[in-house]
Amino acid sequence: MGLDSKTIATIDGCGRIAYKNGGVYVGQYMNSKPHGRGRMTFPHGAVYDGHWNRGMMHGQGRFTWKDGRVYEGNFKDKEKHGKGIMWRADGSVWYDGDYKDGHPDGYGTLNYPNGAVYIGEWKGGKRHGTGTYHYKNGFVYSGAWADDKKNGKGMMTCTNKEVFIGEWVDNKRHGEGTYRFADGTVFKGRWVDDENWSLSSLLTSKRKSAAASHDTQDVDQSQGPAAKRPHVLEPDEDDIKWKDLMIPQDQEQQEPSPTDKTNNTALPPKASGNVLTPSRPGTP
């Protein structure tokens, strides 16, 4: 039985709703709100295709920004929640893992724009728990994180095979630790605010010996965190821009009003099994 265009926005069923702000919804609805499966085209050009619950994105879905960025996965009350994948506009994977209330939370992999990669645990959008950070210069830190910083016991491996294992506080070596040189020399001691003067003295001695024997391979002065002030090995602050991983609030759908223009449109065909399965942007 056909649906009267004057009443379609106030009853349950399938159809098309055109919003005053320019948005258009095609799909299932209940009590005038998207409910079930449907596709919303937002006024700013973003598109959501997936499950809805009483007017909010909820369940499996795919959100595509106007600039080409894509999130595909689970939603809860319009926020990314559960398993999901975020792609950049160029098709490269940005984040793949768990979300909670719109933020990475649980376990996931973040590929930074500068080439660095973090694989591990998250809490509230911050690295928290156990994880491994692969720096763009080849260094690798594996260990404990808290509040987005290295905190607790962890290991830093340098590109010249030198390794530090010990305690960290707010991204600095602080507490007991062991430093192993590439030649097998092992130094144990206590670091304070990322410094260990005894190790610095040992490093200076080793460099002098290397220089005296014209053998500069024993100690690489350009690498390794043995010196008093090591290289800055922290992710660039601009690498993580969670606002770009969130769904902009100005793209949220607006409540339809009785004066909205509506007309009956066929519901998009349902998919069998999972409504949406992860795929790269631009693929069917």
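The values are calculated or read from the model by the stated rules, or taken from the named source; none is laboratory data. These numbers come from a predicted model, not from an experiment. Positions of Cβ are backbone-derived with ideal geometry, glycine not excepted, and every protein chain shown enters the neighbour counts. In case anyone asks, the SASA skips ligands and DNA or RNA and just uses the protein heavy atoms, side chains included. Shrake-Rupley method; radii C 1.70, N 1.55, O 1.52, S 1.80 Å.
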If you place +1 on the Cβ of every Lys and Arg and -1 on the Cβ of every Asp and Glu, how big does the dipole about the Cα centre of region 40-188 come out, in debye to the nearest 20? 100 debye
Name the residues whose placed amide hydrogens come within less than 5 Å of the amide hydrogen of A116, ignoring near sequence neighbours (fewer than 5 apart) on the same chain. K136
Return one whole number: the accessible area per residue of region 129-177 in Å², for a 1.4 Å probe. 42 Å²
Antiparallel DSSP beta bridges within region 122-207, percent to nearest 5: 100 percent
Lys/Arg +1, Asp/Glu -1 at C-beta; region 28-113 dipole; positive extreme among G50, L110, S32: S32
Quick calc: nm separation of the 7 Å Cα→Cβ label points for T130 and V93 -> 2.1 nm
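For region 127-195, give the magnitude of the charge dipole about the Cα centre (Cβ charges: +1 Lys/Arg, -1 Asp/Glu; no others), in debye to the nearest 20.
Details: 11 positive and 10 negative charges, 43 e Å.
It works out to roughly 200 debye.
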Plugging the Cβ-Cβ distance of T157 and R54 into 1/(1 + (r/R0)^6) at R0 = 45 Å yields, to the nearest 0.05, a FRET efficiency of 0.35
For region 55-142, convex hull of alpha carbons as volume per residue, Å³: 78 Å³
Per its Cα gyration tensor (rounded if a/c is under 1.5, else prolate when a/b beats b/c, else oblate), region 107-183 is best filed as oblate
Which of K136/K161; K100/K149; K136/K172 have a Cα-Cα distance over 22 Å? none
FRET efficiency estimate (nearest 0.05) - Cβ-Cβ, D67 to D183, R0 41 angstrom: 0.20
Given backbone amide H placed at 1.01 Å from N, residues whose amide H is under 5 Å from that of Q60, ignoring those fewer than 5 places away on the same chain, are H51, F75
In whole Hz, the Karplus estimates of ³J(HN,Hα) for region 85-101 (6.51, -1.76, 1.60; θ = phi - 60°; x where Gly or Pro) are 10, 10, 10, 6, 5, 7, x, 7, 6, 8, 9, 9, x, 8, 10, 8, 6
From the phi of every residue in region 109-119, what ³J(HN,Hα) in whole Hz does the Karplus formula 6.51 cos²θ - 1.76 cosθ + 1.60 yield, where θ is phi - 60° and glycine or proline is x? 10, 10, 9, 6, x, 7, x, 6, 9, 10, 10
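Is region 11-98 best put as rounded, prolate or oblate by its Cα gyration tensor, with a ≥ b ≥ c the root eigenvalues, rounded for a/c under 1.5, and otherwise prolate when a/b is larger than b/c, oblate when not?
Cα axes put region 11-98 in the oblate bin.
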Interchain or long-range residues, amide H under 5 Å from K100's placed H: G82, D105
